Amino acid sequence: MASEHEPTTAAERATELSEDVIQALEDSGRAAIKAVRGFLTSVEDALPQVEGARKVEKQLTDSALEMAEQLVQTQSEFLRKVLNSAGKSRTSAADKK
């Protein structure tokens, strides 16, 4: 007998899997942004502390973080579309039965 926490139907298992995938995506996004921040810290440490260097550091930081956020957003949108499409396919296949 299934416990109250275990999904029992295909729809419940699919929903749980979708939620797990989305959570994994969010976790990987946070890890990517953390990695970019670490890289930027290394860049800041490597640049000589001369006049104008802070402006360059800020531009690099802003650009890299924007890029990371765009990549995470694109990945998230793609995955949501895939999961939505899979859900529609499951529903369509179930309706034909």
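With θ taken as phi - 60° and the Karplus curve 6.51 cos²θ - 1.76 cosθ + 1.60 applied, the whole-hertz 3J(HN,Hα) list for the range 32-39 is 5, 5, 4, 5, 5, 4, x, 4 Hz, x standing for glycine and proline. Here the Karplus relation 6.51 cos²θ - 1.76 cosθ + 1.60, evaluated at θ = phi - 60°, turns the backbone of the range 20-28 into coupling constants of 5, 5, 5, 5, 4, 4, 4, 5, 5 Hz, with x for every Gly and Pro. Sequentially through the range 56-67, phi angles give Karplus couplings (6.51, -1.76, 1.60; θ = phi - 60°) of 5, 4, 5, 4, 5, 4, 4, 5, 5, 5, 4, 4 Hz, Gly and Pro residues having no value and appearing as x.
Per 0.36 nm of contour for each residue apart, how much would the distance between residue 34 and residue 84 grow if the chain were fully extended, relative to their Cα-Cα spacing? Write down the numbers at each step before the final one.
Details: separation 50, 0.36 × 50 = 18.00 nm, distance 2.86 nm.
Going from the current span to full extension adds 15.1 nm.
Values quoted throughout were computed directly from the atomic coordinates according to the rules given, and no laboratory measurement underlies them. For clarity, every value in this text was computed on a predicted model and none was experimentally measured.
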